[in-house]
Amino acid sequence: MRNRTLRLPATADAVQEAVEQAVAGEVVLLEDGREVVAAVVPYEVAAAGMSALAANEDAADRLLGARLIAELGAGMETMRLCDLRREIAL
């Protein structure tokens, strides 16, 4: 898989070519000045990335849940929601 670069702003024809390159399996990096700001990638690459992000978020949620359960078990102070709202409103 090769990388190509498309400098922004780009013409509609250049964007169409970037899409066609992605369909052909290439990654096209979009640069604004000298900074890469985005990429046009094959669908499989995007799907794998989204799947990895979702798995990472799920793992982070599980870790946070386990930490909060442990803190509650260790006697963490809690407050009723109505009391918290009242305290915040003051």
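The values are calculated or read from the model by the stated rules, or taken from the named source; none is laboratory data. These numbers were taken from a predicted model, which means no experiment stands behind them. FYI the Cβ positions are ideal-geometry reconstructions off the backbone, even for glycines, and counts take in every protein chain you see. Quick note on the areas: whole protein, heavy atoms, side chains included, nothing else; ligands and nucleic acids left out. Shrake-Rupley method; radii C 1.70, N 1.55, O 1.52, S 1.80 Å.
Descriptive notes on the structure:
- Screening Thr5 with (1) open to solvent by less than 60 Å² (accessible area, probe 1.4 Å); (2) in contact with a strand residue (DSSP E or B) (Cβ under 6 Å, 6 or more places away or on another chain) gives one miss only, at (1).
- When residues of region 32-47 are limited to those that are outside any strand (DSSP E or B) and of a type outside the set (D, E, K, R), the one surrounded by the most Cβ atoms within 10 Å (Cβ to Cβ): Val41
- Residue satisfying condition, being assigned to a helix (DSSP H, G or I), open to solvent by less than 60 Å² (accessible area, probe 1.4 Å) and touching a Pro at 6+ places or on another chain (Cβ under 9 Å), within set Ala22, Ala18, Ala60, Ala54: Ala22
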